[in-house]
Structure formats: structure tokens, C-alpha cells
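Data first, discussion second: the structure below is written as C-alpha cells.
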Amino acid sequence: MYDWVEFEDGRARFSGGIRGWDELGHETFCAELNGGSWYGEAVQVFEPEGNSFSLEILSFGYKESGYVGMPVSTRAAYSAVDIEKIKTMVTRLANIVSQCDHPPFVLSRGKTSRFTGKVVFQDGWINTIAD
């Protein structure tokens, strides 16, 4: 578990690796927004040259970290405004925490690998509320 990082619209942190309901490993993060805590999953995606990597957000909106990996229908849904807040928090979190001496596994760098600072949100990463 890592410390919370405070932002204007809430706070966020990386919450480490877990074994999800599907018995698979997942690297998780948590964001607090509008009085609730919600979990998501992130993975490293290496660039074609094999040394640099971006962070890809696979999913978000689980009420507990152990639920990560469950079907889409179990996740909370968010307004367009909240989605932008979450994207901003997660991107800023990754860039801040990647500079730490001991970043979370999903942002760990090696002798030749480094985080590019790029955060990509996979299609379907979050459920939306119809406006």
C-alpha cells in the first residue's frame, strides 16, 4: 500500500497487487471521489523498443479491491465530469509516484526501463452515466 496523494477533487493512491475474485493477480489503485472510495486496475505496456513503458488503466469503479476483475456490470457508473476528474487524478498520481525511490510494482523501473509519463485509458475502462 502507498500513501494517499491529495488533489483538488479527491485523493488517490496505488494499493498494490491483489488476487482478485478470478484468482488472477491484479495491480490496483484507489481513488476517493464524492465521498466514496473506488478501485481500478493498471498494467505496464512497453513501447515497441522494449525499454519505455506507459501505464494502461484497464478498469475502474470497484467498491473493494478484491472485486477487481469482476464483470463490467459490477462497477459503479460515473458522469462525464467525474470521469475527467478521475482521469486527471490517476494521470497525476502516476507521474508523481513514478518519481519516488520505491514506486509501486506497476511503475517500477529497471536499469534500462522507464515510465514515459503516459497514461492510457483502455476502451470500456469505466462505466458511464447517460447524460
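The values are calculated or read from the model by the stated rules, or taken from the named source; none is laboratory data. Quick caveat, the model's predicted, so the values are computed rather than measured. Here Cβ is always computed from backbone atoms with ideal geometry, including for glycine, and neighbour counts include all displayed protein chains. SASA here: full protein model, heavy atoms, side chains in, ligands and nucleic acids out. Shrake-Rupley method; radii C 1.70, N 1.55, O 1.52, S 1.80 Å.
Of all the numbered requirements in (1) open to solvent by less than 10 Å² (accessible area, probe 1.4 Å); (2) within 30 Å of G110 (Cβ to Cβ); (3) out of contact with any Pro (no Cβ under 9 Å at 6 or more places or on another chain), F29 misses one, and that requirement is (3).
Residue-level check: of (1) more than 15 Å from K118 (Cα to Cα); (2) part of a strand (DSSP E or B); (3) in contact with a strand residue (DSSP E or B) (Cβ under 7 Å, 6 or more places away or on another chain), Y2 misses just (2). Scanning region 36-59 finds one or more residues that are open to solvent by 20 Å² or more (accessible area, probe 1.4 Å), among the aliphatic types (A, V, I, L, M) and touching a Gly at 6+ places or on another chain (Cβ under 8 Å). Screening region 5-21 for residues that are open to solvent by 50 Å² or more (accessible area, probe 1.4 Å) and over 20 Å from V120 (Cα atoms) and picking the one that is modelled with the highest pLDDT gives E6.
Restricting to region 103-130, count the residues that are within 17 Å of F53 (Cα to Cα) and either open to solvent by 80 Å² or more (accessible area, probe 1.4 Å) or among the polar types (S, T, N, Q) (or both). Residues meeting the conditions: 10.
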